Every structure is written in C-alpha cells, then in structure tokens.
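Encoded as structure tokens, the structure appears first; notes follow it.
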Amino acid sequence: MTKRNPIPAAVRQYVFERDRFQCQNCGRSSLQDATVKLNVDHIIAIANGGSDDLSNLQTLCDRCNQQKSKHYSDRFRRHFL
Ligand SMILES: [Zn+2]
C-alpha cells in the first residue's frame, strides 16, 4: 500500500524558507527570478521507502523536479524488469 499524501501548505512554506527559496539542485531562486517555480521534493521517493519527514524534503525548481522524476521512473522500470 503506497501512501501519497499531499504536502500541507505550511510544510511547503517551511521547506522553502529553510532552503531560502532556492532550488537545491541548480541553485536558482524564486526570489531572484520570478519565472522559477519551486516544488517540495521527497529526497527519497515515498515509493522507495522515503518519509514525509522534513529531513526527507527539499526545494527543487520544476525543471529539476521533472528531470528527477524521469530518472526515478527509469530506475523504477529497471528494478521491476
Ligand atoms: Zn533547479
């Protein structure tokens, strides 16, 4: 059974502030560039046993977040082939 709870707004805000509104992969900041859209990302995906704990959450921009999810789905497929 996979639990995929949406991250509460207050938690997202906390993670963004902790990471200074900066993507933890490429370093782009929504404070410096209004086109940067930030997401809260699970460092270890829930599907891989990660938790919703703050220590498993980081700020990523949508570009990095998309690249990461592609990477994960590739790994996921390999794992089950
Ligand atoms: Zn990024």
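The values are calculated or read from the model by the stated rules, or taken from the named source; none is laboratory data. Model, not experiment: these values are computed from the prediction. Glycine also receives a Cβ, built like all others from the backbone with ideal geometry; neighbour counts cover every protein chain displayed.
Structure notes:
- For segment 1-48, filtered to residues that are of a type in the set (Lys, Arg) and either modelled with pLDDT under 95 or within 14 Å of the ligand (Cβ to nearest atom) (or both), the residue that is surrounded by the fewest Cβ atoms within 10 Å (Cβ to Cβ) is 3.
- Note on segment 31-66: residues that are basic (Lys, Arg) and closer than 13 Å to residue 21 by Cβ total 1.
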